[in-house]
Number of protein chains: 2
Amino acid sequence: MADQSIQEARTPGVPTTRSSSDASGISRRALLGTAGATGLALGAAGGAVGYAAAPASATPLTSVGSGRAMFHGKHQPGITEGLQARGHLVAFDLAPGAGRREAAALLRRWSATAERLMAGEAAGHDDTGVAQDAGPSSLTVTFGFGYGFFGRTGLEKQRPAALDPLPDFSSDRLDKARSDGDLWVQIGADDALVAFHALRALQKDAGSAARVRWQMNGFNRTPGATARPMTARNLMGQLDGTRNPKPADADFDQRIFVPAAGEPAWMANGSYAVVRRIRMLLDDWEQLSLTAQEQVIGRRKADGAPLSGGDETTEMDLDKADAKGDYVVPLNAHARITRPDRNGGAAMLRRPFSYHDGIGADGTPDAGLLFICWQADPLRGFVPVQRKLDRGDALSAYIRHEASGLFAVPGGAAKGEYVGQRLLEG
Amino acid sequence: MADQSIQEARTPGVPTTRSSSDASGISRRALLGTAGATGLALGAAGGAVGYAAAPASATPLTSVGSGRAMFHGKHQPGITEGLQARGHLVAFDLAPGAGRREAAALLRRWSATAERLMAGEAAGHDDTGVAQDAGPSSLTVTFGFGYGFFGRTGLEKQRPAALDPLPDFSSDRLDKARSDGDLWVQIGADDALVAFHALRALQKDAGSAARVRWQMNGFNRTPGATARPMTARNLMGQLDGTRNPKPADADFDQRIFVPAAGEPAWMANGSYAVVRRIRMLLDDWEQLSLTAQEQVIGRRKADGAPLSGGDETTEMDLDKADAKGDYVVPLNAHARITRPDRNGGAAMLRRPFSYHDGIGADGTPDAGLLFICWQADPLRGFVPVQRKLDRGDALSAYIRHEASGLFAVPGGAAKGEYVGQRLLEG
């Protein structure tokens with residue numbers, strides 16, 4: 001099935017075949033060749049407030065619009081799917097007076113909206129219409145719970161130990177107002193208007209139950225901008241995600257997802273998301289020579305190959321020395337420190353967005369990475385790696401962690417169920 | 001020639017055939033079908049600092065990446081090309097002490113960089129590498145001069161009368177720090193990293209000659225998100241650009257561009273850009289019923305058809321009344337007030353980006369339209385229309401003009417020439 005193949009093929013940082021469009025067998029050329037120059041809004045469902053997904057017999061969508069991820073499933077969407085061109089992260093706090101009942105009703109509303117939007121349908125009777133011409137555009141919506149949620153809903157006993165606050169790192173410069181939150185929503189889509197439309201619909205669903213605590217916007221490459229699918233590049237110009245675990249790895253599920261029989265029971269097939277807003281000090285970084293940048297990272301900038309040789313997929317030779325006896329991959333190189341096999345097997349699935357909010361108050365670019373990583377246990381994923389980076393990473397002089405969040409993301413909702421139901425009605 | 005056909009076919013608000021990708025004759029499916037799942041960075045030019053555009057025999061780029069606009073030409077790029085998925089607007093002020101000589105050197109650097117980047121090449125020896133895997137992705141870079149530029153460079157006599165400050169409008173709520181500027185650069189591309197890369201390269205080119213005054217980010221729909229090319233939709237959900245003049249119109253050039261024999265001579269084939277950051281009061285707007293929204297605009301939201309009937313391209317019947325004798329298109333409807341034939345033939349080419357910078361200081365979405373319009377004479381284009389809107393537009397309760405700029409955009413540079421050379425070396 002085409003939809004399933006999207007989930008399997010589009011792994012963050014790993015090439016994607018965008019199978020859904022391939023499976024349609026309809027080339028972009030054939031589609032566009034029939035489009036006239038007169039501007040009829042043929043995609044719109046004239047006059048109606050809502051709009052339905054195009055039936056199979058209607059004009060087929062082109063590749064970007066027709067990408068569709070599934071709302072229902074073992075896991076929530078937005079974890080193993082490929083990087084999307086546009087993303088919104090938004091955290092909410094429950095409103096004063098709102099408790100478990102209001103939270104349950106909100107998650108029910110949110111799940112219904114997410115399911116509709118991910119199918120390319122309108123949000124409801126008061127849809128804003130912003131997305132109505134586009135297909136689902138690989139929209140995903142993912143919901144998570146923060147530490148504070150459990151106290152406010154009387155569910156302290158259900159709070160996973162894995163949600164205990166992250167340790168302080170000496171290099172952190174965290175803005176509390178843009179960190180944490182009772183509820184977290186991750187939105188991704190390959191079209192900016194589709195993503196914005198989902199953001200507004202989900203905000204409206206919050207009603208009087210929850211208030212926005214912080215909201216961030218991000219982006220990745222547009223599908224088709226590169227000649228072929230490849231590892232994403234970040235705003236420092238590095239290939240980013242080369243060592244990401246792959247769904248085909250034997251231990252992928254074990255590292256990324258809470259087991260079906262795991263604790264607490266409501267987190268079965270769920271995952272923990274660590275979110276870090278990592279500012280890149282680009283004015284400083286861009287002053288470094290290419291060689292200096294590559295020494296900081298430990299990989300070649302152009303193709304991501306380790307400085308010890310080979311190509312992007314070659315194992316890094318950490319012991320290789322040059323003629324003077326110095327390590328070819330410096331001891332404080334970012335790629336050396338983050339090597340999973342030097343971190344007790346710690347592994348996390350990184351699925352970030354870049355961000356760029358113009359010029360910051362200090363006159364430098366307010367740009368960097370909305371780092372999002374997924375793991376079965378943050379204490380075996382993000383934390384040990386960040387501890388090592390905090391002590392001696394050459395990259396740390398060029399980045400600044402400015403916000404942080406940790407969220408418990410339950411497993412996917414079964415048909416007829418809403419996300420978090422096993423917690424809220426358990 | 002494929003590149004030329006992009007410029008002709010992709011008009012703002014008008015369907016585009018993205019001719020360059022069609023002309024390649026290579027389907028997305030065929031390209032992606034050969035991509036393995038192993039993540040080789042085949043697009044990268046291993047190890048070199050710079051990177052060349054892929055030769056014709058190399059792996060062809062897919063449709064989005066291969067789109068290319070021409071730097072040299074009668075007009076600057078970024079005016080008649082189709083809307084791009086991502087945009088940056090940035091204004092600079094000349095640094096204290098910088099004058100005509102420094103400005104000329106800067107425009108020479110900027111033109112060289114723009115030409116290289118629009119061809120998919122590296123910016124120079126210190127390229128950041130952020131765009132290196134992608135094609136040009138329809139990148140355009142456009143340069144303009146603001147009122148203050150001429151005094152700082154001793155070129156007051158060359159300042160066009162058309163650059164006289166716009167009149168105050170009663171509904172303006174302008175932030176001076178985000179308005180005006182000596183120099184204006186418009187960047188657009190269908191890939192966010194390509195656009196960001198260009199922004200950084202051009203900022204670096206500014207060196208000590210000019211400092212960023214303000215910078216804004218915008219977006220439009222991703223190519224291929226809709227089933228077929230159609231008029232763009234804005235964040236209020238309206239089709240936006242239905243009545244845009246089209247290059248095929250007999251008076252298009254006359255309305256949009258300064259004549260080849262026009263005044264001042266250095267503005268031959270140039271145009272004037274009015275830039276307005278128009279905040280949309282979405283929390284208020286989205287409370288209106290669909291019917292109320294359509295009365296404000298005068299068109300149906302779903303398909304852009306006038307309330308007097310027909311489809312998007314049908315002429316609006318301003319005299320049509322309903323059974324009670326009321327005008328079907330209300331007297332204060334936005335589409336009635338902005339009708340060119342009711343504004344002394346005023347016409348401007350609107351080529352906007354949407355923007356969304358998260359939640360504003362007042363708790364509402366900092367989102368709306370980076371309105372950019374092009375005309376041969378602002379006093380016959382933007383000004384009379386805005387005067388009428390300022391007096392009685394039903395839409396004005398739902399929008400707020402928060403920043404404004406007016407820039408003289410000279411004609412395109414001939415080969416060997418830089419943009420503005422006829423002014424700076426005239």
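Data overview
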quantity: Other copies of residue B:246: label-to-label distances in nm, shortest first, labels 7 Å along the beta-carbon direction; calculated: 4.9
quantity: Residue order, fewest to most beta carbons within 10 Å, for A:176, B:320; calculated: A:176, B:320
quantity: Sparse-neighbourhood loop sites, chymotrypsin sites (Phe, Trp or Tyr not before Pro) in the stretch A:309-371 - DSSP loop, at most 11 other Cβ within 10 angstrom; calculated: none
quantity: Residues residue B:292 and residue B:251, FRET efficiency given R0 of 41 Å [Cβ-Cβ distance, rounded to 0.05]; calculated: 0.70
quantity: Ascending list, in nanometres, of distances separating the residue B:319 label from those of the other copies (7 Å, Cα toward Cβ); calculated: 9.3
quantity: Distance cut-off 19 Å, percentage of C-alpha pairs in the stretch B:365-426 lying past it; calculated: 52
quantity: Position residue A:284, label points 7 Å along Cα→Cβ, spacing to each other copy in nm (shortest first, one decimal); calculated: 4.4
quantity: Spherically averaged projected area of the stretch B:236-312 from its Cα convex hull (nm²); calculated: 7.3
quantity: Base-10 log of normalised Debye intensity for the stretch A:119-179 (one unit scatterer per alpha-carbon) at q = 0.12, 0.13, 0.20, 0.30 Å⁻¹; calculated: -0.63, -0.69, -0.86, -1.33
quantity: Prolate/oblate/rounded label for the stretch B:277-415 (Cα gyration tensor, a/c 1.5); calculated: oblate
quantity: Semi-axes of the equivalent ellipsoid for the stretch B:61-424, Cα gyration tensor, largest first, Å; calculated: 35, 23, 20
quantity: 28 Å Cα-Cα reach of residue B:415 towards lysines, excluding residues that sit fewer than 8 places from it in its own chain; calculated: B:74, B:157, B:204, B:246
quantity: Volume of the Cα convex hull of the stretch B:123-262, divided per residue and given in Å³; calculated: 199
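Computed from the coordinates by the stated procedures, all read-outs in this text should not be read as laboratory data. Just so you know, these numbers come straight off a predicted model, no measurement behind them. A quick note on method: Cβ atoms are made from the backbone with ideal geometry, for glycine too, and the neighbour counts reach across all protein chains shown.
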